[in-house]
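Visitor: Okay, handing you the structure first.
Rule-based calculations on the coordinates, nothing more; no lab input. What you see is a predicted model, and the numbers here were worked out from it, not measured in a lab. We place every Cβ from the backbone using ideal geometry, glycine too, and count neighbours over all the protein chains shown.
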Amino acid sequence: MSDDLHQAAKLLAEASSSMAFTGAGISVDSGIPDFRSDDGLWTKFNPMEYATIDAFLADPEKVWTMIFEMSTLLTSAKPNPGHVGLATLEQAGRLSGVVTQNIDNLHQMGGSRVVVEYHGNARRLVGMRSGKVYDADAPSVIAAFEHRTPPRCEVSGEILKPDFVFFGEAIPAAAAMASMHMASTCDAMLIIGTSAEVYPAAQLPEVARSAGAALIEVNRETTRLTPYVDISLRGRAAEIVPALAALVSERQRQSAN
């Protein structure tokens, strides 16, 4: 691990452009289990019954029973050292940004400034007919959550939809374009806490690799990407990412002297 960690730090320190691609694994140490894990959300709610756009359109009140439980998990979560470590790399000029599949807003809370939200953000809600966007801190939304009633749009009266991508919805065009640009132009990609099995997000490491970028994987387990990455760092993102950021910082100090 030590040699691989130092080699990964060297790649990031020398890359002209690097990025991070993150999944559920980076937020596990913030208290958010992977939805697909044994104690994840999908053990309580069948995603085909609660997490498709068709299900929401057919019965939004039913789907909101799942959303309330999801929100309880997300609102209590705080950034962990993995999120902060990525922000440190960005602030040091060693990371051009983060593309995340997560909807928990923890990268932004941890200090990252350039975050592409591939699947949206649970802290926003939108009226599908009105197009009006609400922050989770809006008084009407807070009041609805307090009474466990689905929040409604003040313009159209419709039940608001969380501004994240349901199964069956398209990836937001701006996020798709920005992430593809970052993946196709980076020299190094940090792949953290994702199995990279859900498309179209899973194509991003493939795009980066095809463009000649070095791939650095941080994961507790092996994934389908492991045989193809340049460096595989096995363990918790909350431990590995800060250590990586510290080594990159040390390299920068040595180069400056």
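Visitor: Please compute the contact order of the stretch 1-114 in relative form: average sequence separation of alpha-carbon pairs under 8 Å and at least six residues apart, divided by the residue count, as a percent. It would help to have the intermediate numbers written out before the result.
Guide: Numbers: 113 pairs, mean separation 40.2, N = 114.
Averaging sequence separation for qualifying contacts and normalising by length gives 35 percent for the stretch 1-114.
Visitor: Have a look at the DSSP beta bridges in the stretch 41-174 and tell me what percent are antiparallel, nearest 5. Intermediate values should be presented prior to the final figure.
Guide: Numbers: 7 of 11 bridges.
Around 65 percent of the beta bridges assigned by DSSP in the stretch 41-174 are antiparallel ones.
Visitor: Could you grab the relative contact order for the chain? Cα pairs under 8 Å, six or more apart, rounded to a whole percent. Before the final figure, lay out each step's value.
Guide: On the way: 452 pairs, mean separation 66.1, N = 257.
It comes to 26 percent, rounded to a whole number.
Visitor: Just tell me the longest site-free run in the chain, where the sites are trypsin sites (Lys or Arg not before Pro) in a DSSP loop having at most 13 other beta-carbon atoms within 10 Å. Walk me through the numbers on the way to the answer.
Guide: Details: sites that count: Lys44, Arg113, Arg129, Arg148, Arg220, Arg224.
With trypsin sites (Lys or Arg not before Pro) excluded where exposed in loops, the chain gives 149-219 as its longest stretch.
Visitor: Antiparallel versus total DSSP beta bridges in the chain: what percent is that, nearest 5? Working shown, then result.
Guide: Details: 7 of 28 bridges.
In the chain, DSSP labels about 25 percent of beta bridges as antiparallel.
Visitor: Right, another one. Projected onto the charge dipole of the chain (+1 at Lys/Arg Cβ, -1 at Asp/Glu Cβ, origin at the Cα centre), which of Val116, Pro151, Gln203 gives the Cα projection farthest towards the positive end?
Guide: Of the options given, the answer is Val116.
Visitor: Per 10 Å bin from zero, what fraction in whole % of the C-alpha pairs of the chain is there, up to the bin with the longest pair?
Guide: P(r) over the chain, rounded to whole percents: 7, 30, 34, 19, 9, 2, 0.
Visitor: Compute the separation of the alpha-carbon centres of the stretch 68-132 and the stretch 179-224 and state it in Å as a whole number.
Guide: 18
Visitor: A further question follows. Among the aspartates and glutamates, which have Cα under 13 Å from the Cα of Lys161 when same-chain residues fewer than 8 positions away are ignored?
Guide: Asp54, Asp59, Glu61, Asp135, Glu169
Visitor: Another one. Using a ≥ b ≥ c from the Cα gyration tensor of the stretch 177-257 (square roots of the eigenvalues), is it rounded, prolate or oblate, where a/c under 1.5 gives rounded and otherwise the larger of a/b and b/c decides, a/b for prolate? Intermediate values should be presented prior to the final figure.
Guide: Numbers: a/c = 2.26, a/b = 1.36, b/c = 1.66.
The shape class here is oblate.
Visitor: Give me the number: length gained by fully extending Ala211 to Gln7, i.e. 0.36 nm times residue separation minus the C-alpha to C-alpha distance, one decimal in nm. List each step's numbers first, then the result.
Guide: Working: separation 204, 0.36 × 204 = 73.44 nm, distance 2.04 nm.
Working it through step by step, the gained length comes to 71.4 nm.
Visitor: Follow-up. At q = 0.13, 0.19 Å⁻¹, what is the log10 ratio I(q)/I(0) for the stretch 29-142, with the Debye formula run over Cα points and no solvent?
Guide: -0.59, -1.14
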